[in-house]
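Have a look at the structure below, then the notes.
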Amino acid sequence: MLEGRVEQGSARLARASESAGSRLERWSFNLVLGTLAVLAALLLIAPTVVVLITSFTNAFSLRFPPPGYSVRWYLALWNDSPEILAAALTSLEVASMATAASVVLGVAAALALARQSSAWARLLDSIFMSPLMLPTLALGLALLVLFNLAGTGLSTATLVIGHIAITTPYVLRTTIASLTQMDPQLLESARSLGARPLFAFRTVTLPIIAPGIAAGAFIAFMGSFDNVAISLFLSDARSEVLPIRLWHIIEANLDVRAAAASGVLIVLTILLGIVMEKLAGISRHMR
Amino acid sequence: MSASASPLRQWQLMLPLALFFTVFVLLPLLLLGYISLHNDMELKQAGVAQYFKFFGDEFNLGVLGQTLWLAARTMLLALLLGYPLAYFFTLAPPRWQRVLILIIVLPLLTSAVVRTFAWVVILGRQGIVNSVLLSLAWIESPAKLLYTSSAVTVALAQIEMPLMVLPIINSLSRQDPHLREASLALGAGRWRTLLLVTLPLSLPGLLAGSLLVFAAAASAFVTQTLVGGGQLMYMPYYIYQQAIQSNNYPFAATIAMVLLVAVLVIVTLVNFAGRAVKGVAHA
C-alpha cells in the first residue's frame, strides 16, 4: 500500500521535473533498446518462418519468396525418400534410448547431489555438467578412439553411449533445480510418519520433481535428436541419423526435400514444445 | 529409523553416473591427449611433434585464430541483440512474457541443422536478402552473401541467442525492481541507470550467457560448414577432416586438444575476470 503510494509519488515527481534533455534521453533509450529488442525477436522467428514458407514451393530451387505454392516436396519426402525416413527412424530410436538412460542416470545422481554443499558435491556437479561446455566434436573423436582401441567397432549402441554423455547434463540440471526448490519438510514429515525411503520417494518426491524431470528429458531428447558432432564420428553406414542425412543433402545439392523435412521438424517441435510447456512448464526449467 | 543408512544410500545414487562419466567422458578425453602425444600415425613413437607441427604452421594458427575470433564476434552480436530483448522481457506484462518466452525457447529446441538451413535459404543467391536488394535496385546482380565469415557470425548469433538471453533474463528477474525505480526517480536517467545499476547487477547472467555462446560458437560444426562453405576453415571441420578424411588420428587429436584447451582457458579467464569486476562493482 505504502510502497505503491511512494512509487506513484516518485513517478509524478519524475514527470514533473522532466526537462527537454531528459525527455530526449528517455526517447533515445527506448528507441535504441527497443529497436535492438524487436530486431532480436524478429531474428529469432524469421528463419523458422522462411523455411516453413519455402518448404511449400512448387519450384526445384530454394527461391524466396517461392514462385508458387504446392505440397509436392512433402509428398516427395513421404513417397520417394526412404533414406531420409530411415534416418529419421534411427534418430528417433537413438534419442529415445539416450533419453531413457539419461533420466535414470541423471535423476539418481541429482538425488545424491542436490542440497549437498560440500566441495566434493560441487566439483562432481561441475564435472558432470562439463560436456555442455566442451567442444562436443572433441568428445566425439575421443569416443571413436576409445571404441577403436577397445575393438568394439561402431553400432547403434556406441552412438547411444555418445549421446548419453551429452544429454545427461540437461536432466541432471533440471532435476537438481526441482529438488532444491522442494520443501525439505515434506519429505521429513513423510519419513516421520513412517514412510520407507523408497515409498516416500515415490509418493512425495517424485510427483513434485516430475515436471523438472520431464523438462530435462524433453531437452535431452531434442539435444540427441539434433546432435551432429557426436554422431559424425560414432555412427556407421547402417546407423545414419537424420541431422547428418540433412547435412549431407544441404551440403551436396540443396534438395528442396530438406526444406520439407525441416518443415515437419519445425511443426513437430512447436507442437511438442507447447504440449510440454502446458504439462511441465519447460521454459521455467531452461533458464 | 534408518537415519544412518539413508545418507549412505543417497550418496551411492551418483555412482552409476560417475562410472559412466569415468569410462565414456574422462577416459576417452585422456586417451585423446595420449594419442596427440605421438609422432607417427601408427602410434609407436611418443613425442610432441604434432604440437610443434600445429604451432609451427601459420595456416594452423590462422584456423585457430579465425575460430576464436568467430566465437568472440558471435558472442558480442548475440549480447548486443540479446540483452535488450531480455531487458524488455522482464519489464513486459505476464501475458506478453508467455509469448516471448516461447519465441526465445522454441528456436533452441528446433534442430540446429534446420536453423542453419534457414540461413542458407535466406542468404543464398535467390534468397530473401538478394531478392530485396535486387528489387530495390541497390545491386545489379546477386551478391555473394553465403560463404563469408560475416554470414557465419550472423547465423551463429541468431542460432545461439537463446543461450545468451535465458541466463540474462534469469539474472534480471532476480534484481530488486526498486533499485532501478529509485535510480530513475532520483534523476539518473535511463542510460545511466542501465549502465550503472541494471547492467552491473546482471553481470552473472551476462557472463554465463556469453560463455555459453562463445563455447557453442567455437564448436558449431554444422553452421560453420554449411554457411561458411569449403573455403572458410574452422577448427571443428579441421578435426573432422584430419580424422575421417586423412585418417591422421594423432594430428586430429592434437587439433581437438588445442581447441578444447583454448576454449577452457578462455572460459576460465573470463570467469575470473568477471568475478573480479563483480567484486569491484559491489565494493
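In a GNM of chain A with a 10 Å cut-off on Cα contacts, which of A:ARG245, A:ARG63, A:ARG23 has the highest mean-square fluctuation?
A:ARG23
Among all stretches of chain B without exposed GluC sites (Glu not before Pro) (DSSP loop, at most 16 other Cβ atoms within 10 Å), which one is longest?
Counting at most 16 other Cβ atoms within 10 Å as exposed, the longest clean stretch of chain B is B:141-283.
Modelled label-to-label distance, B:THR22 and A:ASN79, 7 Å Cα→beta-carbon offset: nm?
5.7
Please sort through the DSSP H helices of chain A and keep those with an alpha-carbon extent of at least 30 Å along the long axis and a Kyte-Doolittle average not below 1.6.
Counting only whole DSSP H runs, the qualifying helices are A:82-113, A:257-280.
Can you sort A:SER28, A:SER224, B:SER171, B:SER219 so the residue with the fewest Cβ neighbours within 10 Å comes first?
Going from sparsest to densest Cβ surroundings: A:SER28, B:SER171, B:SER219, A:SER224.
Using a 10 Å cut-off around each Cβ of peptide A:42-55, what is the average number of partner chain Cβ atoms that fall inside?
6
What residues have an amide H closer than 5 Å to that of A:THR57, excluding those fewer than 5 places away on the same chain, when H is modeled at 1.01 Å from N in the peptide plane?
Amide H neighbours of A:THR57: A:SER70.
In debye, nearest 20, what is the charge dipole magnitude of the protein assembly as shown about its Cα centre with +1 on Lys and Arg Cβ and -1 on Asp and Glu Cβ, if you could check?
That gives the protein assembly as shown a dipole magnitude of about 1400 debye.
When Rg is the radius of gyration of the Cα atoms in region A:134-287 and Rh is its Kirkwood radius, what does Rg/Rh come to?
Ratio of gyration radius to Kirkwood radius for region A:134-287: 1.10.
Using only the Cα atoms of region A:19-95, build the gyration tensor, take square roots of its eigenvalues as a ≥ b ≥ c, and label the shape rounded, prolate or oblate: rounded if a/c is under 1.5, else prolate if a/b is larger than b/c, else oblate.
Oblate, since a/c reaches 1.5 and b/c is not below a/b.
Quick check of the Kirkwood formula: for the protein assembly as shown, what is the inverse mean of 1/r over all pairs of different Cα atoms, in Å? Please list the in-between numbers first.
Details: mean 1/r = 0.0389 Å⁻¹.
Every distinct Cα pair counted, the radius reaches 25.7 Å.
Can you find, among B:TYR240, B:GLY205, B:THR110, the residue farthest towards the positive end of the dipole of region B:58-282? Put +1 on the C-beta of Lys and Arg, -1 on that of Asp and Glu.
Final value for the positive-end residue is B:GLY205.
To the nearest 20 debye, what charge dipole does chain A have about its Cα centre, counting +1 at the Cβ of each Lys and Arg and -1 at the Cβ of each Asp and Glu? If you can, show how the numbers build up before the last one.
Working: 19 positive and 16 negative charges, 151 e Å.
It works out to roughly 720 debye.
Radius of gyration and Dmax for region B:163-283's Cα atoms, expressed in Å?
Values for region B:163-283 (Cα only, Rg and Dmax): 20.2, 66 Å.
Quick one: putting +1 on the C-beta of Lys and Arg, -1 on the C-beta of Asp and Glu, what dipole do you get for chain B around its Cα centre, in Debye to the nearest 20?
Here the size comes out at about 740 debye.
Taking only Cα atoms and a 10 Å spring cutoff, compute GNM fluctuations for chain B and point out the largest among B:GLN12, B:GLN66, B:GLN158.
B:GLN12
Measure out, as a whole number of angstrom, how far apart the alpha-carbon centroids of region A:55-86 and region A:167-199 sit.
So the separation of the two Cα centres works out to 48 Å.
Decide, for chain A, between rounded, prolate and oblate: order the square roots of the alpha carbon gyration tensor eigenvalues as a ≥ b ≥ c, take rounded if a/c falls under 1.5, and otherwise choose prolate if a/b is larger than b/c, else oblate. List each step's numbers first, then the result.
Details: a/c = 2.12, a/b = 1.10, b/c = 1.94.
In terms of gyration-tensor shape, oblate.
Just to be sure I understand the rule: take each whole DSSP H helix in chain B, project its Cα atoms onto its long axis, keep it if the span is 20 Å or more and its mean Kyte-Doolittle hydropathy is at least 0.0. Which ones pass?
In chain B, the long hydrophobic H runs are B:58-91, B:94-109, B:149-173, B:203-218, B:249-282.
How many angstrom lie between the Cα centre of region A:111-146 and the Cα centre of region B:223-283?
What the calculation gives is 18 Å, centre to centre.
Rg and Dmax of region B:45-168, Cα atoms, in Å?
Every Cα atom of region B:45-168 included, Rg and Dmax give 19.5, 65 Å.
What is the distance, in nm, between label points placed 7 Å from the Cα along the Cα-to-Cβ direction at B:LEU196 and at A:MET129?
Here the modelled spin labels are 3.3 nm apart.
Considering only C-alpha atoms, what is the centroid distance from region B:132-197 to region A:258-287, in Å?
Rounded to whole Å, the Cα centres lie 24 Å apart.
Rounded, prolate or oblate: which fits chain B when a ≥ b ≥ c are the square roots of the eigenvalues of the alpha-carbon gyration tensor, with rounded for a/c under 1.5 and prolate only if a/b beats b/c?
Since a/c reaches 1.5 but b/c is at least a/b, the shape of chain B is classed as oblate.
For A:ARG26 and B:ASN271, FRET efficiency with R0 = 51 Å and r from the beta-carbon atoms, rounded to 0.05?
The pair B:ASN271/A:ARG26 has a calculated efficiency of 0.90.
Please go through region B:1-103 and write out the trypsin sites (Lys or Arg not before Pro) that DSSP classes as loop and that have at most 13 other C-beta atoms within 10 Å.
Qualifying residues, ordered by number: B:LYS44.
Cut-off is 10 Å between beta-carbons; in what order do B:LEU26, A:LEU193 appear when sorted fewest neighbours first?
If I rank by nearby Cβ atoms, fewest first, I get A:LEU193, B:LEU26.
Using Cβ counts within 10 Å as a stand-in for footprinting exposure, how do A:VAL264, A:VAL275, A:VAL171 rank, fewest first?
Ranked by crowding around the Cβ, least crowded first: A:VAL275, A:VAL264, A:VAL171.
Just so you know, all these numbers are worked out from the coordinates, no wet-lab data involved. None of these values were measured; they are calculated from a predicted model. A quick note on method: Cβ atoms are made from the backbone with ideal geometry, for glycine too, and the neighbour counts reach across all protein chains shown.
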